[in-house]
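Bear in mind that the values in this text are calculations on the coordinates, not laboratory data. Quick caveat, the model's predicted, so the values are computed rather than measured. All Cβ positions, glycine included, derive from the backbone under ideal geometry; neighbour counts span all protein chains shown.
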Amino acid sequence: PLSPAAVVGAGLGGSAAAYFLQQHFGPQVQLDVYEAAGVGGRLATVTVNKQQYESRGASIHALSLHMQDFVKILGLKHRREVAGKSAIFSGEHFVLEETDWYLLNLFRLWWHYGISFLRLQMWVEEVMEKFMRIYKYQAHGYAFSSLEELLRSLGGEAFVNMTQRSVAESLLEVGVTQRFVDDVIAAVLRSNYGQSVLVPAFAGAMSLAGAQGSTWAVEGGNKLVCSGLLKLTKANVIPAKVTGISLHSSEGRALYQVHYESSEGQGSAFYDMVVVTTPLHPSRSNFTFENFDPPIADFPGAFQPSVTSVVHGYLNSSYFGFPDPKLFPFTSILTTDTPDLFFHAMDNICPVNISAAFRRKQPQEAAVWRVLSQQPLDKHQLKTLFRSYYSVQVTEWQTYPRYDATKALPPIVLHDNLFYLSGVEWVASSMEMIAVAAKNVALLAYNRWHQELEKIDQKDLMHKVKTEL
C-alpha cells in the first residue's frame with residue numbers, strides 16, 4: 001500500500017491532486033500538502049468595503065465537468081448570474097458592442113465579419129467535442145504519461161500540432177478573416193491570457209470556448225473549492241515553502257526527501273510519492289533536485305507578468321465616448337491590440353456573495369472595477385479610466401505561461417513516483433484544465449504503482465472505451 005504522499009502547493013492543482021489521489025488509493029493514504037502562501041493559490045479574493053471580490057480566475061466554463069463535480073460534492077452553489085453587456089474598445093471607439101437582444105448581436109457579427117464568426121464557432125466546437133473525450137477515458141481509469149500522449153489520444157497529431165502553432169495561423173487557415181482575428185480574437189486573448197493572437201492554437205481554442213459559452217462561478221469565491229477538497233480529504237496542510245527534493249532509494253524503490261522552510265525553520269520529511277503542482281521554471285521557483293541521475297533538467301519558458309487593479313471609483317465614461325455617464329451601457333470592456341492601450345480588459349465586478357436583493361451599480365455610481373494590465377497603472381492612467389476613486393488594490397503576479405508557440409511541452413513524470421502537474425498550463429491554462437491534469441496524475445500514479453500498464457498511454461482509446469461500455 002502507498003503510505004505517505006506529498007503534494008507541493010495548495011492551489012486548485014494541489015487540492016484536486018490530493019482529492020483524486022485519495023479517491024484512487026483509498027482513505028488510508030496519508031497526504032501532506034505543502035503551501036507557503038495560502039490555500040487557493042491564484043484563486044484569491046480582495047476585500048473592498050467589507051465585501052470580497054475575485055481578483056482573478058473568475059469564470060468557469062459550463063462544460064467543466066470536474067469543477068461541476070467538486071461543487072456538487074462539496075455542497076457549494078453556483079453564484080447568481082448578474083446580467084451585463086460587453087464591448088470591444090480600440091482606444092478610439094468601440095469596434096463591437098453587445099446588445100440585450102441576442103439576434104441583433106448575431107446580426108451585427110454577421111454584418112461586420114460575415115462568415116468568420118460561424119467558422120470560428122465550428123472550429124472551437126470541433127476542438128471542444130474532441131477534448132470532452134477525456135472524461136470518458138478518465139472514468140474508465142486510463143491515464144497518460146505525457147501531455148503529448150494525452151493530446152494525441154483526444155485529437156491525434158492535429159492536437160499536438162495545435163500547441164506548436166499560433167491561433168491566428170489556425171483560424172486564418174479555416175477561412176476566418178484577418179479583421180475578425182484582429183478585432184475579436186485578439187480582444188478575447190488579451191482579456192484572458194494578457195497576450196496576443198500568437199498564443200498556441202490549443203490554448204486559444206480553450207480561451208475562446210470560455211468566451212462564447214456560458215460560464216459560472218462559485219458562490220462565496222472559487223477558492224472555496226480548494227479549501228473544501230483539502231478538508232474533505234483530511235489532508236495535512238503544512239504551512240511551509242518547499243525548497244527541494246532529494247532522491248534516496250530503499251529496497252529498489254524510490255524514496256523522496258522533501259526539504260522545506262517554515263516559520264519554525266528548516267525541516268524535511270520522507271515520502272513514497274510526490275506530486276509537484278507549483279511551476280518549476282527558474283523564473284518562478286528556486287527548487288533543487290538532488291541525487292537524481294540523470295539530473296532533472298531546467299524547464300524552458302517564462303511567465304507573463306500580469307497586474308490586476310481592483311478600483312473602487314467612478315468610471316470616466318467620456319474616455320469611452322460617453323460624455324453622460326448615465327448612458328454608458330457596458331459592464332465589461334475588452335480591448336484590441338493597439339500600442340497606446342495600456343490595459344487589457346476591465347470589468348464592473350460583483351462580490352463573491354450575491355444576495356437576492358443585489359443589483360448592479362448604475363454607471364454613474366461608484367462601482368468596483370477590475371482592470372487587467374501588463375504593468376501597474378500610473379496615476380495618469382487611473383485618471384484616464386476613472387473620474388475619481390476611493391481605493392486601488394493592486395495584485396502583481398505571473399499567472400500564465402508566456403505563450404510563444406514553439407516550446408516543447410514539460411514532462412509529467414520526473415522520476416518513478418515523482419510527478420509534475422502544472423506543466424499542463426503550457427497546453428492551456430484554465431481551472432478545468434488543471435483539474436483534468438490532477439485527475440490524470442492521480443490515475444497515472446495509481447496505474448504505475450499497481451503495475452496496471454495497459455491503462456497507460458493506450459492507443460485507439462475511442463474504440464476501447466466504446467467496447468467496454
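Points worth noting:
- Each of the peptides 198-206, 9-17, 90-98 was scored by the mean count of other Cβ atoms within 10 Å over its residues; in descending order, highest first, they stand as 9-17, 198-206, 90-98.
- Only helical runs count toward this figure. For the chain, summing -39,500 (n - 2.57) over DSSP H runs of n ≥ 4 and dividing by all residues gives -9000 deg cm²/dmol at 222 nm.
- Computed over region 28-86, the ratio Rg/Rh where both radii use C-alpha atoms and Rh is Kirkwood: 1.03
- The chain - charge dipole about Cα centre, Lys and Arg +1 at Cβ, Asp and Glu -1, debye rounded to 20: 1280
- Cα-Cα over 32 Å, subset of LYS231/LYS459; LYS407/LYS466; LYS77/LYS130; LYS72/LYS464; LYS50/LYS407; LYS234/LYS466: LYS231/LYS459; LYS407/LYS466; LYS50/LYS407; LYS234/LYS466
- Distance in nm between pseudo-label sites at SER214 and GLN381 (7 Å out along the Cβ direction from Cα): 3.6
- Taking every Cα-Cα distance in the chain and sorting them into 20 Å bins starting at zero, the pair-distance distribution P(r) comes out as 23, 56, 20, 1 percent.
- Distance between modelled label sites at ALA269 and ALA139, nm, 7 Å Cα→Cβ extension: 3.6
- Relative contact order for region 188-346, counting Cα pairs under 8 Å that sit 6 or more residues apart, in percent: 19
- Zone residues, region 313-357, relative to SER388, backbone N less than 17 Å from point 7 Å out along Cα-to-Cβ: 313-318, 325-326
- The 3J(HN,Hα) values that the Karplus relation (6.51, -1.76, 1.60; θ = phi - 60°) gives for region 347-357 are, in residue order, 10, 7, 9, 9, x, 6, 10, 10, 7, 5, 8 Hz. Gly and Pro appear as x.
- Contour minus Cα-Cα distance for GLU251 and LYS361 (0.36 nm per residue): 33.1 nm
- Take the Cα of GLU157, step 7 Å toward its Cβ, do the same at THR177, and the gap between the two points is 3.4 nm.
- Note on LEU341 and MET128: with the Förster distance fixed at 35 Å, the Cβ-Cβ geometry gives a FRET efficiency of about 0.70.
- Nonlocal amide H pairs with ASP457, under 5 Å, H built at 1.01 Å: ALA143, PHE144, SER145
- Zone residues, region 78-98, relative to LEU327, backbone N less than 16 Å from point 7 Å out along Cα-to-Cβ: 93-94
- Theoretical gain in end-to-end length, LYS231 to GLN121 [0.36 nm per residue, Cα-Cα removed]: 35.6 nm
- Look at the alpha carbon pairs under 8 Å that are at least 6 residues apart: their mean separation over the length of region 29-183 gives a relative contact order of 15 percent.
- Computed over region 139-248, Kirkwood Rh from alpha-carbon pairs, angstrom: 17.6
- Backbone geometry of region 259-266 corresponds, through the Karplus equation with coefficients 6.51, -1.76 and 1.60 at θ = phi - 60°, to 3J(HN,Hα) couplings of 9, 9, 10, 10, 5, 7, x, 8 Hz, x marking Gly and Pro.
- Selection from ALA168, PRO329, LEU31, by position along the positive dipole direction of the chain (Cβ): PRO329
- A full extension of the chain between ASP69 and HIS93 corresponds to an added length of 4.5 nm, given 0.36 nm per residue minus the alpha carbon distance.
- Translational D in µm²/s for region 318-469 (Stokes-Einstein at 4 °C, 1.567 mPa s, Kirkwood Rh from C-alpha pairs): 63
- Computed from the Kirkwood radius of its Cα pairs, the Stokes-Einstein diffusion coefficient for region 64-209 at 25 °C and 0.890 mPa s stands at 142 µm²/s.
- The chain - percent relative contact order, Cα under 8 Å, separation 6 or more: 26
- Charged-residue dipole, Cβ positions (Lys, Arg, Asp, Glu), region 175-235 about Cα centre, Debye nearest 20: 320
- Unit charges at the beta carbon, dipole of region 34-99: most positive-side option, VAL46, ALA83, HIS61: VAL46
- Cross-link partners for LYS439 among the aspartates and glutamates, with Cα-Cα distance under 13 Å and sequence neighbours closer than 8 places in the same chain left out: ASP69.
- Calculated SAXS-style log₁₀ I(q)/I(0) at q = 0.30 Å⁻¹ - region 79-126, Debye, Cα scatterers: -1.08
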